[in-house]
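So the structure is just underneath, and the comments pick up after that.
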Amino acid sequence: MPRRTPLVAAALLASAALALTACTGGGSSPSSSKAAADPNATVNVRLVLEPGNLDIRQTAGAALDQILVDNVYQGLVSRTPDEKIVPALASDWTVSPDGLTYTFTLREGVTFDDGQALTPEDVVWSLQTRKDTAAWSDSGRLANVATIAAEGQKITLTLTKPDSSLLWNLTGRAGIILKKDDTVDYKTKANGTGPFVLTSWKQGDSITFQRNDKYWGTKAKAKEIVWDYIPDNQAALNGALAGELDVVTGFDANLKKQVEANGDFALKLGSATDKFVLAMNQKSGPLADKRVRQAIRQAIDHDAIVKANGSGVPLYGPIPKPDPGYEDLSKVAPYNPDAAKKLLADAGQKNLSLTLTMPSFYGTTIPQLLVSDLNKVGITLKVNSVDFSTWLQDVYTNQDYQLSLVDHAEARDFENWANPDYYFTYDNPQVQNLYAQSLAATSETDATNDLSQAARIVSNDMAADWLFNWNSVVAVATNVSGMPVDNINARINAAQLTKSKG
């Protein structure tokens with residue numbers, strides 16, 4: 001395993017809106033309201049899937065990153081929804097010309113939620129412990145770091161070889177700074193340096209953040225953010241119409257007319273790096289045959305799936321358009337049911353029956369389309385809809401599946417295709433070498449070219465099918481401002497989120 005990869009598949013954990021129709025509003029900018037903001041406001045935000053625990057160190061799933069990173073926990077650097085790397089606990093940084101030395105200037109006057117001061121020793125300990133503890137998420141992302149040292153407020157990371165992904169990795173879990181020797185129970189509480197303090201978790205209901213009035217930077221605009229976990233879209237709509245919710249993420253745009261009817265809400269459309277991946281277990285059986293995998297890809301009408309969902313764009317490879325290395329790969333396996341039938345015949349497959357295992361919160365729209373498309377070429381598809389914990393155990397951990405459908409929401413996660421131990425079961429040394437080259441590149445252009453070449457090979461190998469690149473759909477109250485709309489399945493920075501009294 002070249003890297004330990006996070007379960008970004010769980011990132012749609014925050015969004016199960018899979019039956020979408022045309023949306024109004026949109027754009028990539030946060031929502032806005034012209035009325036004066038109420039500094040004592042509570043903003044209630046609907047999310048879909050609640051985390052099992054709050055341990056950001058080692059619990060898989062982007063449900064944690066979505067609300068905890070940036071809001072409660074921070075690193076030396078952070079990132080914007082459009083993937084720009086920006087300062088956080090470090091006020092600035094430099095990179096040596098050879099790409100082997102990264103020097104960060106740690107801010108002074110930063111404290112943790114419990115009042116303890118952030119020290120350079122905390123930074124060194126956090127990064128070193130992350131690197132040395134395989135059980136901690138993203139430990140492998142620091143594999144190329146040889147030494148971590150502090151001199152005054154200067155933090156220096158020395159690498160064994162260039163790593164073009166290091167700064168990006170430091171914007172996520174790999175870079176989170178914790179208090180050395182902290183005694184907090186990370187599974188139920190938190191102690192970070194961000195603009196919010198986690199004050200309560202009502203399991204099965206909600207998580208509440210309070211504004212951190214001792215925050216080192218610009219204070220959060222709202223006094224309180226309540227993350228309400230409501231899996232059912234109709235229940236979320238009812239909550240919005242009853243005035244119990246101010247923002248509804250993962251919204252079903254089929255309910256657009258209802259939510260906008262009285263003028264209190266508007267539907268917003270944002271960009272995202274979500275990739276709906278139809279994984280194919282290639283270890284054995286019919287899916288070990290590339291011709292069968294290609295037949296499945298060419299049997300699926302991607303345009304029809306996008307039309308049924310009313311949002312997003314078709315995707316034919318492992319890298320979405322917002323990420324480095326994207327290339328239009330639509331010609332690799334274009335929709336062609338007749339070609340799919342011939343491929344199956346050449347593979348000696350008649351009356352093929354396959355099982356699709358997927359989390360139940362995705363609904364029925366896409367599976368029904370897949371059943372219909374595959375049936376037209378002679379494949380019987382059985383859909384096994386399971387709870388997420390079962391999917392994690394059977395598919396993600398045990399790799400006991402034939403086909404699986406999950407949204408991988410995290411940006412720049414191509415590493416999963418270079419990891420033969422990942423649940424995709426894809427193993428191509430050439431792809432692994434190209435990915436390693438992209439990491440070692442000191443030129444952004446070279447790194448991007450390596451990724452693009454590797455992605456084309458993955459698609460040509462028919463390693464999976466990528467149904468579409470999803471767009472986020474959010475219903476926002478008209479008296480709410482500052483709600484991010486881009487990449488909200490990966491993380492939601494709530495510091496600018498506020499509500500007017502009107």
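No value in this document is a laboratory result; all are computed from the given coordinates. Being a predicted model, the structure only gives us computed values, none of them experimental. Using ideal geometry, Cβ is built from the backbone for each residue, glycine included, and neighbour counts are taken over all protein chains shown.
What share of the DSSP beta bridges in the chain is antiparallel, in percent to the nearest 5?
On the way: 56 of 75 bridges.
Bridges in the chain that DSSP calls antiparallel: roughly 75 percent.
How large is the helix-only mean residue ellipticity at 222 nm for the chain, computed as the sum of -39500 (n - 2.57) over DSSP H runs with n ≥ 4, divided by its residue count, in deg cm²/dmol to the nearest 500? Display every interim value, and only then the final one.
Numbers: 12 runs with 111 residues, N = 502.
For the chain, the value works out to -6500 deg cm²/dmol.
Let me make sure I get this right: for region 348-502, a, b and c are the square roots of the gyration tensor eigenvalues over alpha carbons, sorted descending. Under 1.5 in a/c it's rounded, otherwise prolate if a/b > b/c, else oblate. Which is it? Present the calculation step by step, with values, prior to reporting the outcome.
Numbers: a/c = 2.23, a/b = 1.18, b/c = 1.89.
Oblate, because a/c is 1.5 or more while a/b does not exceed b/c.
Less than 17 Å from a label point 7 Å out along the Cα-to-Cβ axis of residue 304: which backbone N atoms in region 354-371 qualify, by residue?
Within reach of a label on residue 304: 364-371.
If you average the alpha carbon positions of region 302-367 and of region 131-195, how far apart do those two centres end up, in angstrom?
37
Among the DSSP beta bridges whose two residues both lie in region 275-469, what percent are antiparallel, rounded to the nearest 5? The partial results should precede the final answer.
Details: 13 of 23 bridges.
Roughly 55 percent of the beta bridges in region 275-469 run antiparallel, per DSSP.
Taking the structure as given and computing Cα extents along the principal axes in Å, which label from (1) 69, 59, 37; (2) 70, 53, 47; (3) 86, 49, 42 fits?
Of the listed options (1) 69, 59, 37; (2) 70, 53, 47; (3) 86, 49, 42, (1) comes from this structure.
From the square roots a ≥ b ≥ c of the eigenvalues of the alpha-carbon gyration tensor of region 314-369, which class results: rounded (a/c under 1.5), prolate (a/b over b/c), or oblate? Can you show the working numbers first?
Working: a/c = 2.61, a/b = 1.21, b/c = 2.14.
Oblate, since a/c reaches 1.5 and b/c is not below a/b.
Please compute the modelled spin-label separation between residue 355 and residue 202, points set 7 Å along Cα→Cβ, answer in nm with one decimal.
3.9
What percent antiparallel are the DSSP beta bridges of region 43-173, to the nearest 5? Before the final figure, lay out the partial values.
On the way: 20 of 21 bridges.
Looking only at bridges with both residues in region 43-173, the antiparallel portion is about 95 percent.
Take the alpha-carbon centre of region 224-283, take the same for region 449-496, and report the distance between them in whole Å.
15
How much length, in nm to one decimal, is gained on full extension between residue 82 and residue 346, taken as 0.36 nm per residue of separation minus their Cα-Cα distance?
Working: separation 264, 0.36 × 264 = 95.04 nm, distance 4.47 nm.
Stretched fully, the residue 82-residue 346 segment lengthens by 90.6 nm.
How much length is gained on full extension from residue 181 to residue 167, taking 0.36 nm per residue of separation minus their Cα-Cα distance?
Working: separation 14, 0.36 × 14 = 5.04 nm, distance 2.55 nm.
Difference between extended and current length: 2.5 nm.
Can you compute the modelled spin-label distance between residue 53 and residue 261, with each label point 7 Å from Cα toward Cβ, in nm?
4.4
Net charge near residue 115, counting Lys/Arg +1 and Asp/Glu -1 over other residues with Cβ under 11 Å of its Cβ?
Working: positive: 179, 214; negative: 113, 114.
Net local charge, residue 115 excluded: 0.
Please say if region 55-136 is rounded, prolate or oblate, where rounded means a/c under 1.5 for a ≥ b ≥ c the square roots of the C-alpha gyration tensor eigenvalues, and otherwise the choice is prolate for a/b larger than b/c and oblate otherwise?
Here region 55-136 falls in the rounded category.
Taking 56 Å as R0, compute the FRET efficiency from the Cβ-Cβ separation of residue 213 and residue 284 and round it to 0.05.
Details: r = 58 Å, r/R0 = 1.04.
Taking R0 as 56 Å, the efficiency between residue 213 and residue 284 is 0.45.
For region 178-305, report the translational diffusion coefficient in µm²/s to the nearest whole number, using Stokes-Einstein at 4 °C, 1.567 mPa s, and a Kirkwood Rh over Cα pairs. Mind showing how you got there, number by number?
Values: Rh = 19.5 Å.
Using the Kirkwood radius from Cα pairs, D works out to 66 µm²/s.
Scale the Cα Rg of region 74-117 by the rule-of-thumb value 2.2 N^0.38 Å and send over the ratio, two decimals.
Numbers: Rg = 12.8 Å, N = 44, 2.2 N^0.38 = 9.3 Å.
Compared with the compact-globule rule of thumb, region 74-117 sits at 1.38.
Which FRET efficiency, nearest 0.05, do residue 91 and residue 328 yield, Cβ-Cβ r, R0 41 Å?
Numbers: r = 40 Å, r/R0 = 0.97.
It comes to 0.55.
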